[in-house]
Amino acid sequence: MKVLMIGSGGREHALVKKLLESERVDSVICAPGNGGISFDAECFNISVMDIEGMIALAKEQMADFVFVAPDDPLAAGMVDAFEKEGFRCFGPSAAAARIESSKVFSKNLMKKYGIPTASYEVFSDAEKAIAYIEQQGEFPVVVKADGLALGKGVIIAENMAEAVDAVKSIMEDKVFGASGNNIVVEEFLTGPEVSVLSFTDGKTVAPMVSSMDHKRALDGDKGLNTGGMGTVAPNPFYTEEVAKVCMDTIFAPTIKAMQAEGCPFKGCLYFGLMLTPDGPKVIEYNSRFGDPETQVVLPLLKTPLIDVIEAVADEKLDEIFVEFSDEACACVILASGGYPGSYKKGIEINGLNEKGNVDGATVFHAGTKCENGKILTNGGRVLGVTAKAETLEIALEKAYTAASKIDFEGVHKRNDIGQRALSALK
Ligand code: AMP
Ligand code: GLY
């Protein structure tokens, strides 16, 4: 089989590498891809939102299967367009992808079907939102833009002044563009966060091993929110008991709710959960594999990935057993200096071998490009240095040792990835 992977990040690199482990996969091609992916898959420079261009590529390359990984093309209906052309695909329809692309849709879905989440109100008018927050008088309060905002559309306001700023910047200054036409104002929840990615064919749901992201830029969960600075799997807070509660109160009801709404979800449904004192609640859904969660979850998958994604496409997920290793995995992100703010690109990366890797770990490339035999930085998150081992402690040690061999001007990483998980294990 020949698989076309659409996307260009560390997540896509992990997906490409995993697919290539499957015996039935002869080759993977990727668009647009990146410097590191090009060591594993031929890359084609087509914009991730160019639906026509991607379909033309799939036809010309005679791809047997198309995998749409990022949220934007999913929300724009890329899977619908490919299926119309007769391609087999992994990824939800645009209607199902609304579970991520519209927070108003997902919050209303949870309310209608009794799925536990933070209580909330939706506003299309800034004055009304501000009046509501004032009347509630409870802080912190969470203000979210309705639409996609690169993971940055969530503001936790500590007081009334910050809340007013948040509402005005989203709704009036439109810092997230049209994503801020509507906002959700919601209750602030507390507790450990868990990411659970799941395979679902619209009827059956198969949760993957749990993971923990580290979203803030700096050690000790300080600094700005990023796309994710590192991950570990499994997440020690997510016990078997918690998993059972989540299946009964969140996972299965969500799959049923999407069916009942006439937009069954097929693909990877990501549950962003908070384990609150009142039980697990949904913080957010994503309509896709998480980044950098994928980089620690997929190395633990034992069932060939191609078998699973075909079962999803064919709506036969109930016929296979999706098996994970009981090892642990850790990923440390090496980012450009300045990220998530502005940063330089095109800086040479030292310490990688001719395959873009280092001994003792797997390096998933996110923002890199190859030029004249050199590997250069080309994004905010640059590399994800990943290792698996019998225990989380060893996996972290391997990942950090390998990460210390890589260097580029301005490189920034967190030094405490996995520490909270390790203390929970003690
Ligand atoms: P999201 O983009 O929805 O994942 O939100 C980004 C981050 O904001 C989450 O990972 C949480 O840490 C935090 N967050 C979002 N909603 C809430 C909430 N209702 N209560 C507390 N923290 C939240
Ligand atoms: N790491 C969080 C996300 O992919 O949205």
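The values are calculated or read from the model by the stated rules, or taken from the named source; none is laboratory data. What you see is a predicted model, and the numbers here were worked out from it, not measured in a lab. Quick reminder, even Gly has a Cβ in these numbers, built from the backbone with ideal geometry, and neighbours come from all protein chains shown. We work out accessible area using only protein heavy atoms, side chains counted, and drop any ligands, DNA or RNA first. Shrake-Rupley method; radii C 1.70, N 1.55, O 1.52, S 1.80 Å.
Taking every protein chain into account, the 1.4 Å probe leaves LYS128 with about 130 Å² of accessible area, to the nearest ten.
Placing a label point 7 Å from the Cα of ASP26 along the Cα-to-Cβ direction, the residues of segment 72-93 whose backbone N falls under 19 Å from that point are 87-89.
Students often check this: by mean Cβ neighbours within 10 Å, which of 326-337, 17-28, 261-272, 178-189 ranks highest, and how do the rest follow? Mind showing how you got there, number by number?
Details: 326-337: 24.3, 17-28: 16.9, 261-272: 21.6, 178-189: 19.3.
Ranked from most to least packed, the peptides come out as 326-337, 261-272, 178-189, 17-28.
Pairs exceeding 32 Å between alpha-carbon atoms, taken from LYS17/LYS405; LYS128/LYS413; LYS222/LYS369: LYS128/LYS413. When restricted to Cα atoms, segment 232-291 yields an Rg and a Dmax of 12.2, 36 Å, respectively. Placing +1 at every Lys and Arg Cβ and -1 at every Asp and Glu Cβ, with all other atoms neutral, what dipole size does the chain have around its Cα centre, in debye to the nearest 20? Using Cβ point charges on Lys, Arg, Asp and Glu, the chain gives about 380 debye. Kirkwood hydrodynamic radius of the chain, from the reciprocal of the average inverse Cα-Cα distance over all distinct pairs: 21.9 Å. Around GLY338, what is the net charge, scoring Lys/Arg as +1 and Asp/Glu as -1 over all other residues with Cβ under 14 Å from its Cβ? Around GLY338, the charge tally is +3. Between PHE321 and LYS174, the contour length at 0.36 nm per residue exceeds the Cα-Cα span by 48.3 nm. Note on segment 5-163: Cα-Cα pairs beyond 21 Å make up 57% of the total pair count.
Dipole orientation for the chain: of the candidates ALA421, LEU334, ALA76, LEU334 has the Cα lying most toward the positive pole (charges on Cβ; Lys, Arg +1; Asp, Glu -1). How far is the Cα center of segment 175-239 from the Cα center of segment 328-389, in Å? Cα centroid of segment 175-239 versus Cα centroid of segment 328-389: 22 Å apart. Heavy atoms of the protein chains alone define the surface here; on that basis segment 113-202 has 44 Å² accessible area per residue at 1.4 Å probe size. Each of TYR120, TYR132 has its accessible area taken with a 1.4 Å probe; listed largest first, they run TYR132, TYR120. When Rg and the Kirkwood Rh are both derived from Cα coordinates, the Rg/Rh ratio for segment 188-329 amounts to 0.96. For the pair GLU138 and SER342, label points projected 7 Å from Cα toward Cβ lie 4.1 nm apart. Bridging of LYS281 to aspartates and glutamates at a Cα separation below 14 Å is possible for GLU186, GLU187, GLU193, ASP248, once same-chain residues fewer than 8 apart are set aside.
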